[in-house]
């Protein structure tokens, strides 16, 4: 699989302030690649350097085989972008925005085609300021892909949206990838990253501290799983003989089992085998949010 983004030891400084100290990762063609990190970690600075919007002070960057600074004009013909502070004039109409952006990269498909494809045909004459948050986001996605890019950057694109609009936006991101475009997604929403991303780079203190799939990060940093249930049964010693069980504790009727792997299934089978069928059997595994807090040591 081809590598479309290759970042090696990226550094970016503003005087005495270091915005990015040592960021290294690569993005494969066809991925939705997430970049997570607390505020101020260097996420936005990183993707701005990748788009040639900021000059890196150290490291090596290749995007679609191009140097983002020396080949910026050529690169921008093949990438799309929705920046963190994206906005349009309130009085600009949907068709006017698409027409303007399309004129900048004439090699792309006709803008009316893009407008219909992204469900904006009925809003053709609507002014940007009159669109709902979800409709504005749909327009931003359409503008980001109006040049049929090979790679698109989305920077915290769902900040400020209501839950329904966020879900609609997630579907738009999936659609971008389904059309063959690689996606780099900067976000601080853990559910968004877990739902959308194939792999994630976690940036903390201006450097990459972990890279893996969402599930891989949870397995590596999520700690043990727990199974809880209530029972009047006195003898639960058989639980200690289950391979996946690491420990058992009890307070009155409430039992907590810690373990690994398929501990829920194994404990459930063991209980049923001993004639115990608790109605409140439940399990808890670390979420990506739990893992994020473990890795970064800070609250979101």
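Values computed for the structure shown
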{"quantity": "Subset of the stretch 239-255 that is surrounded by 14 or more Cβ atoms within 10 Å (Cβ to Cβ) and over 29 Å from residue 202 (Cβ atoms) - its residue that is farthest from the chain's Cα centre (by Cα)", "calculated": "239"}
{"quantity": "Check on residue 61, within 30 Å of residue 206 (Cβ to Cβ), buried (at least 17 other Cβ atoms within 10 Å of the Cβ) and touching a residue at least 12 places away in the same chain (Cβ under 8 Å)", "calculated": "yes"}
{"quantity": "Output for the stretch 19-55, where each listed residue is in contact (Cβ under 8 Å) with a residue 12 or more places away in the chain, more than 19 Å from residue 190 (Cβ to Cβ) and in a loop (DSSP other than H, G, I, E, B)", "calculated": "29, 30, 51, 52, 54, 55"}
{"quantity": "Residues located in the stretch 110-124, provided they are surrounded by 17 or more Cβ atoms within 10 Å (Cβ to Cβ) and under 27 Å from the mean Cα position of the chain (by Cα)", "calculated": "114, 115, 118, 120"}
{"quantity": "Filter result for residue 52 (closer than 18 Å to residue 153 by Cβ and in contact with a helix residue (DSSP H, G or I) (Cβ under 8 Å, 6 or more places away or on another chain))", "calculated": "yes"}
{"quantity": "Hey, residue 107 over 21 Å from the mean Cα position of the chain (by Cα), touching a residue at least 12 places away in the same chain (Cβ under 8 Å), assigned to a loop (DSSP other than H, G, I, E, B) and surrounded by fewer than 19 Cβ atoms within 10 Å (Cβ to Cβ) or not", "calculated": "yes"}
{"quantity": "Those residues of the stretch 144-168 which are surrounded by 22 or more Cβ atoms within 10 Å (Cβ to Cβ) and part of a helix (DSSP H, G or I), in sequence order", "calculated": "144"}
{"quantity": "Conditions (1) touching a helix residue (DSSP H, G or I) at 6+ places or on another chain (Cβ under 8 Å); (2) closer than 20 Å to residue 146 by Cβ; number of the one not met by residue 38", "calculated": "(2)"}
{"quantity": "Residue check for residue 122: outside any loop (DSSP other than H, G, I, E, B), touching a residue at least 60 places away in the same chain (Cβ under 8 Å) and within 21 Å of residue 175 (Cα to Cα)", "calculated": "no"}
{"quantity": "Filter pass, residue 64 being farther than 24 Å from residue 196 by Cα and in contact with a helix residue (DSSP H, G or I) (Cβ under 9 Å, 6 or more places away or on another chain)", "calculated": "no"}
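Every read-out reported here was derived from the displayed coordinates using simple, explicitly stated rules and does not represent laboratory data. Keep in mind the model is a prediction, meaning the values are calculated, not measured. A quick note on method: Cβ atoms are made from the backbone with ideal geometry, for glycine too, and the neighbour counts reach across all protein chains shown.
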